[in-house]
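K.L.:
The structure that follows is given in the form of structure tokens.
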Amino acid sequence: MRIDSEQQALAQRPPPLGEHQDPVPVESVAAGYPDRLAPLELESLLLNLDGALRVRARHQLFSWTQGTLRSLIEHELLICALRDGDQTLCHVDSFSMVPVEPARFNEMFRQDVVLVPHLIKTWEANHCQPVNCDTGNGSQYSGSALARELNRLGANNLVAHGTHDTAGQVTSFFTFACRSGAIGPRQAYFVELVVPFLHAAWVRTQINWHARSVGVKPAATGLLTSRQLEILDWIYRGKSNIEIGMILKISPLTVKNHVQKILRKLDVLNRTQAVGKALTLRVLNI
């Protein structure tokens, strides 16, 4: 049947186009690809590709990358970087369900002169294949501020992949920061398959459709109360209802009631979607 043939084509990695070239022998490059995907892996892959095609706004990208995508590529933090007109990666954004400060983290990624250049240089030297790198203690990259912060989060295993222009220069670069042992050749293969869709989805979120639409009003500044904003901020930082109650000296039931009101006001289904939409609407001052 046609569907079976299409699934078989997706499950097999096509041979490289053009004349064969031996890869540059760099230890941090992930190698080895599966001949076939298991049925559940294939189903998860197709669900993720479909999810990527549905992304139009930042909160949707947040929900996808920190939801369905994590079931395929388990990661603690996803860092997205886009090149501007010159050769620098100027626009950086990060997505995570662990308590981090995105603005600070993004700035560390932009200013890093050790780990990030190594990842990009290795990726380019090995014909734009996914790169695997360990930043743990004892690594030659563990001294950089970015690596230290990744190690603090317990996400010292990196797999990075990007997209390039016709000259072979990087246009976007995506780094999945994972816990030790979470990433192997199979996950690197999924990264290779997903990144083109991730790139297209992230670029779509950069377009300010609301600003360009006629008659569309900006989000109401008083959408959430000050208490609800406070609780949402702690949700963003990874705190549970019990922890938030202890911090704010209110009962967990009161926190739960506030969370339910937040979900209704933002018209979302869960806490992850609430954080993503709040970031998109600039409700959270992060």
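The values are calculated or read from the model by the stated rules, or taken from the named source; none is laboratory data. Nothing here was measured: the structure is a model prediction, and the numbers come from that model. Every residue, glycine as well, gets a Cβ built from its backbone with ideal geometry; the counts of neighbours run over all protein chains shown. We work out accessible area using only protein heavy atoms, side chains counted, and drop any ligands, DNA or RNA first. Shrake-Rupley method; radii C 1.70, N 1.55, O 1.52, S 1.80 Å.
K.L.:
Just checking, does segment 130-146 include any residue being under 14 Å from the mean Cα position of the chain (by Cα) and not polar (S, T, N, Q)? Talk me through it step by step, then tell me what you get.
P.N.:
First, pick out the residues of segment 130-146 that are under 14 Å from the mean Cα position of the chain (by Cα): none.
No, segment 130-146 contains no residue that is under 14 Å from the mean Cα position of the chain (by Cα) and not polar (S, T, N, Q).
K.L.:
Does any residue of segment 99-111 turn out to be surrounded by 15 or more Cβ atoms within 10 Å (Cβ to Cβ), of a type in the set (Val, Ile, Thr), out of contact with any Leu (no Cβ under 6 Å at 6 or more places or on another chain) and not in a helix (DSSP H, G or I)?
P.N.:
Taking every residue of segment 99-111 in turn, at least one turns out to be surrounded by 15 or more Cβ atoms within 10 Å (Cβ to Cβ), of a type in the set (Val, Ile, Thr), out of contact with any Leu (no Cβ under 6 Å at 6 or more places or on another chain) and not in a helix (DSSP H, G or I).
K.L.:
Out of all the residues in segment 259-286, which are part of a helix (DSSP H, G or I), in contact (Cβ under 8 Å) with a residue 24 or more places away in the chain and open to solvent by 40 Å² or more (accessible area, probe 1.4 Å)?
P.N.:
Within segment 259-286, 261, 265, 271, 273, 277, 280 qualify.
K.L.:
Within the set of pairs 6 or more residues apart or between chains, which connect a residue that is more than 19 Å from residue 91 (Cβ to Cβ) inside segment 164-191 to a residue that is surrounded by 19 or more Cβ atoms within 10 Å (Cβ to Cβ) and of a type in the set (Phe, Trp, Tyr) with Cβ atoms less than 8 Å apart?
P.N.:
If the second residue must be surrounded by 19 or more Cβ atoms within 10 Å (Cβ to Cβ) and of a type in the set (Phe, Trp, Tyr), the pairs left are 183/176; 191/174; 191/176.
K.L.:
Report whether or not residue 134 is open to solvent by less than 40 Å² (accessible area, probe 1.4 Å) and at pLDDT 90 or above.
P.N.:
So residue 134 does not fit the description; no.
K.L.:
Would you point out the residue of segment 238-258, among those that are closer than 19 Å to residue 67 by Cα and loosely packed, with under 15 Cβ neighbours inside 10 Å, that is modelled with the lowest pLDDT?
P.N.:
So, considering only residues that are closer than 19 Å to residue 67 by Cα and loosely packed, with under 15 Cβ neighbours inside 10 Å, the one modelled with the lowest pLDDT is 238.
K.L.:
Follow-up. Can you tell me which residue is surrounded by the fewest Cβ atoms within 10 Å (Cβ to Cβ) among those in segment 226-235 that are without any contact (Cβ under 8 Å) to a residue 24 or more places away in the chain and within 28 Å of the chain's Cα centre (by Cα)?
P.N.:
Among them, the one singled out is 230.
K.L.:
Every residue in segment 39-98 that is outside any loop (DSSP other than H, G, I, E, B) and touching a Cys at 6+ places or on another chain (Cβ under 8 Å), please.
P.N.:
Of segment 39-98, the ones outside any loop (DSSP other than H, G, I, E, B) are 39-53, 58-65, 68-72, 77-83, 89-96.
82, 83, 92, 93, 94, 95 - these are the residues of segment 39-98 that are outside any loop (DSSP other than H, G, I, E, B) and touching a Cys at 6+ places or on another chain (Cβ under 8 Å).
K.L.:
Report, by residue number, each residue of segment 120-137 that is part of a strand (DSSP E or B) and either over 10 Å from residue 161 (Cβ atoms) or of a type in the set (S, T, N, Q) (or both).
P.N.:
Passing the criteria: 132, 133, 134.
K.L.:
Name the pairs whose Cβ atoms lie under 6 Å apart, with the first residue in segment 236-256 and on the phi < 0 side of the Ramachandran plot, the second hydroxyl-bearing (Ser, Thr, Tyr), and 6 or more positions between them or separate chains?
P.N.:
Between residues of segment 236-256 that are on the phi < 0 side of the Ramachandran plot and residues that are hydroxyl-bearing (Ser, Thr, Tyr), the close pairs are 245/251.
K.L.:
I'd like to know if segment 179-191 contains one or more residues that are surrounded by fewer than 16 Cβ atoms within 10 Å (Cβ to Cβ), at pLDDT 90 or above and within 20 Å of residue 238 (Cβ to Cβ).
P.N.:
yes
K.L.:
Go through (1) within 18 Å of residue 163 (Cα to Cα); (2) open to solvent by 10 Å² or more (accessible area, probe 1.4 Å); (3) hydrophobic (A, V, I, L, M, F, W, C); (4) touching a strand residue (DSSP E or B) at 6+ places or on another chain (Cβ under 8 Å) and name the single condition residue 49 misses.
P.N.:
Condition not satisfied by residue 49: (4).
K.L.:
Find the residue count for segment 161-178, including only residues that are open to solvent by 30 Å² or more (accessible area, probe 1.4 Å) and part of a strand (DSSP E or B).
P.N.:
Count: 2.
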